[in-house]
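Chemist: First the structure, which I've put down as structure tokens, then a few questions once you've had a look.
The values are calculated or read from the model by the stated rules, or taken from the named source; none is laboratory data. Just so it is clear, the structure is predicted and the values come from calculations on it, not from any experiment. Neighbour counts run over all protein chains shown; Cβ positions are idealised from the backbone, glycine included. Surface areas here come from the heavy atoms of the whole protein model, side chains and all, with no ligands, DNA or RNA. Shrake-Rupley method; radii C 1.70, N 1.55, O 1.52, S 1.80 Å.
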Protein chains: 6
Amino acid sequence: DFVHALENDIKPAFGISKDEFDSYISNGIINWGQPVNDVLEEGQLRIRQTINGEMTPLVSILIEGPPNSGKTALAAHIALLSKFPYLKFCTAQTMLGFSELAKCQQLKKIFEDAHKSSLSCVVVDELESLLEYAPVGPRYSNNVLQTLKLLLKRPPPKGRKLLIIATATYRDILEQLGLLPSFSKVIHLANITTGQQILHVLNEIEHGFNNDEMKYLEKKLHDKKVWIGIKALLDRIEVARQAEDSSRVQRFLTQLEEDAGMI
Amino acid sequence: DFVHALENDIKPAFGISKDEFDSYISNGIINWGQPVNDVLEEGQLRIRQTINGEMTPLVSILIEGPPNSGKTALAAHIALLSKFPYLKFCTAQTMLGFSELAKCQQLKKIFEDAHKSSLSCVVVDELESLLEYAPVGPRYSNNVLQTLKLLLKRPPPKGRKLLIIATATYRDILEQLGLLPSFSKVIHLANITTGQQILHVLNEIEHGFNNDEMKYLEKKLHDKKVWIGIKALLDRIEVARQAEDSSRVQRFLTQLEEDAGMI
Amino acid sequence: DFVHALENDIKPAFGISKDEFDSYISNGIINWGQPVNDVLEEGQLRIRQTINGEMTPLVSILIEGPPNSGKTALAAHIALLSKFPYLKFCTAQTMLGFSELAKCQQLKKIFEDAHKSSLSCVVVDELESLLEYAPVGPRYSNNVLQTLKLLLKRPPPKGRKLLIIATATYRDILEQLGLLPSFSKVIHLANITTGQQILHVLNEIEHGFNNDEMKYLEKKLHDKKVWIGIKALLDRIEVARQAEDSSRVQRFLTQLEEDAGMI
Amino acid sequence: DFVHALENDIKPAFGISKDEFDSYISNGIINWGQPVNDVLEEGQLRIRQTINGEMTPLVSILIEGPPNSGKTALAAHIALLSKFPYLKFCTAQTMLGFSELAKCQQLKKIFEDAHKSSLSCVVVDELESLLEYAPVGPRYSNNVLQTLKLLLKRPPPKGRKLLIIATATYRDILEQLGLLPSFSKVIHLANITTGQQILHVLNEIEHGFNNDEMKYLEKKLHDKKVWIGIKALLDRIEVARQAEDSSRVQRFLTQLEEDAGMI
Amino acid sequence: DFVHALENDIKPAFGISKDEFDSYISNGIINWGQPVNDVLEEGQLRIRQTINGEMTPLVSILIEGPPNSGKTALAAHIALLSKFPYLKFCTAQTMLGFSELAKCQQLKKIFEDAHKSSLSCVVVDELESLLEYAPVGPRYSNNVLQTLKLLLKRPPPKGRKLLIIATATYRDILEQLGLLPSFSKVIHLANITTGQQILHVLNEIEHGFNNDEMKYLEKKLHDKKVWIGIKALLDRIEVARQAEDSSRVQRFLTQLEEDAGMI
Amino acid sequence: DFVHALENDIKPAFGISKDEFDSYISNGIINWGQPVNDVLEEGQLRIRQTINGEMTPLVSILIEGPPNSGKTALAAHIALLSKFPYLKFCTAQTMLGFSELAKCQQLKKIFEDAHKSSLSCVVVDELESLLEYAPVGPRYSNNVLQTLKLLLKRPPPKGRKLLIIATATYRDILEQLGLLPSFSKVIHLANITTGQQILHVLNEIEHGFNNDEMKYLEKKLHDKKVWIGIKALLDRIEVARQAEDSSRVQRFLTQLEEDAGMI
Ligand SMILES: Nc1ncnc2c1ncn2[C@@H]1O[C@H](COP(=O)(O)OP(=O)(O)OP(=O)(O)O)[C@@H](O)[C@H]1O
Ligand SMILES: Nc1ncnc2c1ncn2[C@@H]1O[C@H](COP(=O)(O)OP(=O)(O)OP(=O)(O)O)[C@@H](O)[C@H]1O
Ligand SMILES: Nc1ncnc2c1ncn2[C@@H]1O[C@H](COP(=O)(O)OP(=O)(O)OP(=O)(O)O)[C@@H](O)[C@H]1O
Ligand SMILES: Nc1ncnc2c1ncn2[C@@H]1O[C@H](COP(=O)(O)OP(=O)(O)OP(=O)(O)O)[C@@H](O)[C@H]1O
Ligand SMILES: Nc1ncnc2c1ncn2[C@@H]1O[C@H](COP(=O)(O)OP(=O)(O)OP(=O)(O)O)[C@@H](O)[C@H]1O
Ligand SMILES: Nc1ncnc2c1ncn2[C@@H]1O[C@H](COP(=O)(O)OP(=O)(O)OP(=O)(O)O)[C@@H](O)[C@H]1O
Ligand SMILES: [Mg+2]
Ligand SMILES: [Mg+2]
Ligand SMILES: [Mg+2]
Ligand SMILES: [Mg+2]
Ligand SMILES: [Mg+2]
Ligand SMILES: [Mg+2]
């Protein structure tokens, strides 16, 4: 069938290389709990809908969650899972210094290219950055907003399919901007909220704490509530490891109390 | 008579082809209930007024309804029903990247062309997009607004007739912008609101659920209240069908609860 | 005397032709009630003041009333009544696509031309459109506003006379913009408010309802309150006439209830 | 002495002609009451201060009063009274269509010219118009505002004297814009407030009412309160005189009730 | 020592001439009370700090007080007292018509020149005017603001010293704009507040009132409270002197009641 | 190890010279209390994390504190401590007069250069100035904000490390602008709050007060509360020293009461 055929042809014909996608997942994907599961499942279902759906040639999802929650890495991961011949990662970082107009043209170009492939997946990372959104004012580029709104709803030519995976940090901003109805589905990616999930992460990374330290941490963390993104957690682990041996674990816990509201 | 003469001459002399209009009705028109009926009836009456009216050479209607309610498809459908020699579909999608000025000129051109045919119908899709309206600020193009206001009220030259069919999602925005008095009539297109209407849709589409599943759905849906647009409903049907056989129906119902407020 | 001399010389020396003015009165002037009378009377008095006044070489009036109340037609009508050698109709419709600056220059040119004739009348239609006023923001062209403010108060050269007739829909907007003190007189044009006035209109138009229908309508309408502009009323008559013979009258009455708040 | 020498040399060396100043006083100055007296007296005192003052080479006054109260005519009148060799009338009317920058340069030029004469008087008419002030927003030209603020406080070169007479309609606007401290003195010009003052005006104009009409008016007006500017009063007199002979007086009184709040 | 060396070299090497500084003190400095004393004392201390300080090569003070309180004259006076080889008076008056950019470049140039002298003093007069501040909006040039903020805190090159004396009318505006922390010291210059201080001024000026008038004024003023700036007081003295001999004193007192809230 | 290798190679390959960094620490670093300690400790830990961390090639800290608290000097000091081969000090002072665009390009260039060195440290001083932030409006450059947001989160190429040290005065502004989540850590630098800390400073500087004065100050200050930045304290010491010998100490104490809220 179609899916099988694709599996033998995963090298992107257009779009950028697998390497770029990998760079957004620099510390891998640690499946630390249900929130990660849910996003992955929805992603897989939407990939199948794009391939098989007869009434919906255009499928678009939005992954939204707090800073550092791992949105970018998960979006890149799902895009790679699709194995579509056209994969494209679209981010404000590569458009730094572009005028509003140049940004809009770049976005238009990316989607026009995507429309040329029979199966395409476009990641649109950090909508707020693309929109140049700033909460004071607030300010944003209405040009980019209008362009995104139209592109997110523009169906590919007859017979072609397009999956869009967008990420955003502030759902309410997108709601106010009227961007949410442009998506088939909006999925929330939650932060890490329990000590158990932190322990799960600590167990999966290579250069963590030693055995004694881990035992101590298990005792201290197993019944705690926290609120921290995976990316921030990895930073706190790293910096704690720079303290003197005797105080590494304590420093880690203190930080969780200060920065992750641990109680 | 006039109408009969027209029926033998349905090929548009100017304007774009029937194909483009068809593309906006990609999944046909399912007459799932009274809201659809009302819009179609008003449309037919206004077509006749345009042809026969002696005091009103310019007739303009606005179809407004929530996202995904099927506005664009119905507007295109009524335009095709008119069989006028000049048909034109006017949408922000084809003006992506245009400057405000270019947009205004394009709109002016379309109406000037329409004024050259003895009987013309212009669809103006998604007024908010044409106006580049964004609720935060709010922002919009006053140039386009003023241009639209004038064009919507500009009578064709003596002896010519023009029917305008516009669509919009947020009636209150247009009200605030003072656009409503520009229309002869504003018609509301409601969302699907009952399980019965959903069953009506399910019965009309080809690749839906199997007989057993339909029976189960009839039992579950026949007395439910929902709120969902026809386009969103078709998406929910498609994605539910991608789940494993055993869970397809349940997934569909869960989604209706989550996304369509089903109770 | 002066007036008599004018009566033999009604062909405008400069300015546009009587035809253009006629086009703004496409369905004639039906004297359906006192509001129409009042405006006509003030108009005639101000024409005389312009001709005879020794202390007021510049006379300016503003006709303001709700959408469709017949402002434009009445302003054009009064201008024609003046029979002044220079008549000019000034409207945003002929300046569509003009830059703010071009608009201001056009306005300035029109008034400079008017200042060249010994007796001139300039109609300035739809002030809000000329000002590009939009209620959201609100936005408007301050350039046009300042230009209009100055032109409305600029006296013609010694020995010349100028009558200005402006129209507007929203008196409070002009009040807020500080435009009202620029006029010698502001006259309100009211909507049709009684069933009797509607019957008056129905009796004056050619292609209305038949005798039986009229009898029925007289019975139904004679004691009703409504609120509808003459232009909207003509539209409702036309569309009702497109319904099947049996339901035309009923459809007309239903519309009056829906759109004209008839009780 | 200095003043005497000036009296023999009243023809302006630079600046515009007496004719232009006269055109702003087209219906003369009728001394209808104390408010007119007060303004004239302050004007004369400030003329003397400009000529004789040793510590104040720059004197600036602002005449502010409601629309039509006669500000422009009084400012022009006082300037003529000064008989200074350099007289200049500065108004937005002659800068219609100028860019903000061009306006500022023109203003600067006028004051630089004034600084070249040993005794100069500059009238700055309608500050709000020069500032392009519009109350909705509000909007105004900050460029013109800053330019005016500086020019109003810029002393002439050593040994030269400058009198500035400005007019404005809305004192509170200038207060908000911070323009008031720029003036040595702000004088209020009140509207006509009593029937007696109206009778004073009627007695002074040529083409007013006949003797019988005047008697009737004296009886009706002598104990009334009104609120109307001299310019509007002259207009009401003119328009009333256009009515039929029998109704002229009554029409005049009705208008005073409607437009001048007469009780 | 250093100071002594300077005293023999007071002619400015760069910067403008003593004449310009004198022109800002056209009526001299009358030491009418403690507020004047305080400002002068702080000025002298800061001059010494600039010369001798080892840790503070940059010293900046702001003199703020109501309109007409004498800020400009005192700032110029202190600058002259410093006898620094580089003196520069920086005012919006000399930048009238400059673009924002040109203003910023001029300011930058002035400070760069100041940095070239071993001891420099720059007066920055009327910060609000330089900032093009207008209270309605409010509006101001953020370019100039940012430029001033940076220049006010930019230390001169190693071994050089810079004293900045700025003036402003509205302390709260500068506070809101965040300019206050840029100054080492903010000094308030108060208005004249007692009749005694007015008498002090009257006794010091040449062309005041005669002996009898002064006696009368002493009796009337010695126990009064007022609120008036020195510059406005000098204007009131001048204008009162233009009245007839018999009413000069009374006019002066009336004005103090009206304009200086005398009680 | 790595650190050791670096210690033998502290001369910056690119970036600016140690001299520039020294100029920001013109009066040295006086360790007057715990707040200084805390910032230094966090700085050292983050330097180690940058060098050794395996999961965090990009480390960024923000030092925020009131005006004059010593932020700039401490940031420069920590950067020098890192001894990284690429050191760069980035400040609005060197971009005075740059357009927004030029600023963004400069910032981009600095970070692109930093990405070329295996170990880099970039100081970004006074974020508010770079953003051209003004509290009235408020106004700021959204271009610079978006550029900074992206640069602060842009990881260096594989195998390279980057430490960013930013300073800011108003934490809440950065919070509102959404800049805080861009930092790995935000550290508060407090003002001097006790008389003891002032005494600590007085004891460390060279040209302070003499022994008797110090004894008196110790008695007066040892139990006081104050609130003053180190930079302002040094200024108050300098200016007090300019007063006559007898009043120096008293003047110093009075100032602390007036400007540092001493009680
Ligand atoms: N389950 C996971 N989901 C996402 N990222 C993970 C997961 N486990 C580990 N990671 C690692 O955590 C980091 C997540 O960073 P990422 O940039 O995706 O976060 P983000 O939410 O996009 O951050 P930001 O709010 O700054 O955009 C990556 O380095 C990734 O390899
Ligand atoms: N009764 C119906 N009315 C309208 N569309 C229908 C109907 N039945 C089926 N459809 C199908 O539903 C879809 C309606 O989509 P359409 O784009 O018109 O919705 P819309 O309201 O314009 O959406 P949007 O808010 O995004 O503009 C089309 O694919 C159309 O073929
Ligand atoms: N008494 C009347 N006064 C005005 N118009 C009349 C009258 N009787 C009939 N009409 C007709 O009604 C129509 C009035 O339309 P008109 O464009 O003048 O309305 P309007 O108030 O200017 O509308 P809008 O608010 O759109 O500017 C014209 O076709 C005119 O011929
Ligand atoms: N006492 C008077 N003071 C001023 N104008 C007078 C007086 N008596 C008669 N007039 C006449 O009244 C008219 C006053 O008009 P003017 O343009 O000065 O009014 P204004 O207050 O400037 O009006 P606007 O508010 O439109 O600027 C002039 O024609 C003038 O000749
Ligand atoms: N003690 C004094 N301090 C300041 N000015 C004095 C003093 N005594 C007399 N003067 C005179 O008063 C005038 C003060 O005017 P100055 O322009 O300095 O006031 P200002 O506060 O700067 O006014 P503005 O608010 O318009 O800027 C000058 O002419 C000056 O010579
Ligand atoms: N512990 C300290 N921390 C910081 N600076 C110190 C310290 N001790 C002495 N100093 C000196 O104090 C001054 C601090 O000035 P700096 O410019 O760093 O302050 P800042 O907080 O950046 O000021 P601003 O708010 O104006 O940016 C420098 O001259 C520095 O040498
Ligand atoms: Mg991300
Ligand atoms: Mg649509
Ligand atoms: Mg009209
Ligand atoms: Mg005037
Ligand atoms: Mg001053
Ligand atoms: Mg600093």
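Chemist: Quick one: putting +1 on the C-beta of Lys and Arg, -1 on the C-beta of Asp and Glu, what dipole do you get for chain A around its Cα centre, in Debye to the nearest 20?
Modeler: Working: 30 positive and 33 negative charges, 201 e Å.
I would put it at about 960 debye.
Chemist: Could I ask something else about it? What is the helix-to-structure angle for E:248-259, meaning the angle in degrees between its Cα long axis and the longest Cα principal axis of chain E, kept from 0 to 90 and rounded to the nearest 10?
Modeler: Here the helix axis deviates by roughly 50 degrees.
Chemist: Using a 10 Å cut-off on Cβ to Cβ distances, tally the other chain neighbours for every residue of B:231-238 and report the average as a whole number.
Modeler: Working: counts 3, 2, 1, 4, 9, 3, 3, 10.
Taking the mean over all residues of the peptide, I get 4.
Chemist: In addition: Tell me: how much accessible area in total is hidden between B and C, 1.4 Å probe, Å², nearest 100?
Modeler: Values: alone 13650 and 13650 Å², together 24620 Å².
That pair of chains buries around 2700 Å² in total.
Chemist: Under a point-charge model restricted to the Cβ atoms of Lys and Arg (+1) and Asp and Glu (-1), what is the dipole moment magnitude of region D:101-147 relative to its Cα centre, in debye to the nearest 20?
Modeler: On the way: 5 positive and 6 negative charges, 39 e Å.
In total the dipole reaches around 180 debye.
Chemist: So, one more: Report, to the nearest 10°, how far helix F:142-153 tilts away from the longest principal axis of the Cα atoms in chain F, using its own Cα long axis and a range of 0 to 90°.
Modeler: 80
Chemist: Shortest first and in nm with one decimal, please list how far the residue B:155 label point sits from its counterparts in the other copies (point 7 Å along Cα→Cβ).
Modeler: 4.0, 4.0, 6.9, 6.9, 7.9
Chemist: Mind putting a number on the dipole of region F:55-192 about its Cα centre? Charges go on the C-beta only, +1 for Lys and Arg and -1 for Asp and Glu, and I need it in Debye to the nearest 20.
Modeler: Details: 16 positive and 10 negative charges, 135 e Å.
The dipole magnitude comes to about 660 debye.
Chemist: Sticking with this one: So how tilted is helix C:230-242 from the main axis of chain C? Cα-based, degrees 0 to 90, rounded to 10.
Modeler: Approximately 40 degrees, to the nearest ten.
Chemist: Right, here's the next one. Rounded if a/c is under 1.5, else prolate if a/b is larger than b/c, else oblate: which is region F:80-128, with a ≥ b ≥ c the root eigenvalues of its Cα gyration tensor?
Modeler: oblate
Chemist: Go through region E:133-155 and flag every residue whose accessible area shrinks by 50 Å² or more with all protein chains in place compared to the isolated chain (probe 1.4 Å).
Modeler: Hits at the 50 Å² cut-off: E:136, E:139, E:140, E:142, E:146, E:150, E:154.
Chemist: Summarise the accessible area of the protein assembly as shown (1.4 Å probe, protein heavy atoms) by the percent that is carbon and sulfur. Don't skip to the end; give the middle numbers.
Modeler: Values: 32440 of 65680 Å².
Here carbon and sulfur together make up 49 percent of the probe-accessible area.
Chemist: Please state the shape class of region E:28-150: rounded when a/c is under 1.5, otherwise prolate if a/b exceeds b/c and oblate if not, all from the C-alpha gyration tensor. All intermediate terms of the calculation are to be shown ahead of the outcome.
Modeler: Working: a/c = 2.02, a/b = 1.24, b/c = 1.63.
Cα axes put region E:28-150 in the oblate bin.
Chemist: Which residue, F:155, F:166, F:123, has the largest displacement toward the positive end of the dipole of region F:120-167 when charges sit on each Cβ (Lys, Arg +1; Asp, Glu -1)?
Modeler: Checking the options against the dipole of region F:120-167, the answer is F:155.
Chemist: Follow-up. May I ask what percent, to the nearest 5, of DSSP beta bridges between residues of the protein assembly as shown are antiparallel? Let's see the in-between values first.
Modeler: Working: 18 of 161 bridges.
Just about 10 percent of them are antiparallel.
Chemist: Provide the per-residue ³J(HN,Hα) series for region C:197-208, in order, calculated from phi with Karplus coefficients 6.51, -1.76, 1.60 and θ = phi - 60°, each as a whole number of Hz, with x at glycine and proline positions.
Modeler: Working through the residues one at a time gives 5, 4, 4, 3, 5, 4, 6, 9, 8, 6, 8, x Hz.
Chemist: With unit charges on the beta carbon (Lys/Arg positive, Asp/Glu negative), name the residue among A:211, A:261, A:230 whose Cα is farthest towards the positive pole of the charge dipole of region A:206-263.
Modeler: Result: A:261, furthest along the dipole toward the positive end.
Chemist: Could you pull the copy-to-copy label distances for residue A:116, with points set 7 Å along Cα to Cβ, in nm to one decimal and sorted shortest first?
Modeler: Inter-copy label distances (nm, one decimal, shortest first): 3.4, 3.4, 5.9, 5.9, 6.8.
Chemist: Another question about this same structure. Using a 1.4 angstrom probe, figure out how much accessible area the protein assembly as shown has per residue, in square angstrom, rounded to the nearest whole.
Modeler: Details: 65680 Å² over 1578 residues.
Per-residue value: 42 Å².
Chemist: Let a ≥ b ≥ c be the square roots of the eigenvalues of the Cα gyration tensor of the protein assembly as shown; is it rounded (a/c under 1.5), or, if not, prolate (a/b larger than b/c) or oblate?
Modeler: Taking the square roots of the gyration eigenvalues as a ≥ b ≥ c, the protein assembly as shown is oblate.
Chemist: Determine which residues of region F:28-63 fall in the zone a paramagnetic label at residue A:247 would reach in this model, i.e. backbone nitrogen under 17 Å from the point 7 Å along Cα→Cβ.
Modeler: F:33-49, by backbone N distance to the label point.
Chemist: Averaged over its residues, how many other protein chain Cβ atoms are within 10 Å of peptide E:46-58's Cβ atoms? Could you put the intermediate results ahead of the total?
Modeler: Details: counts 2, 1, 5, 7, 3, 1, 4, 8, 7, 12, 9, 1, 1.
Taking the mean over all residues of the peptide, I get 5.
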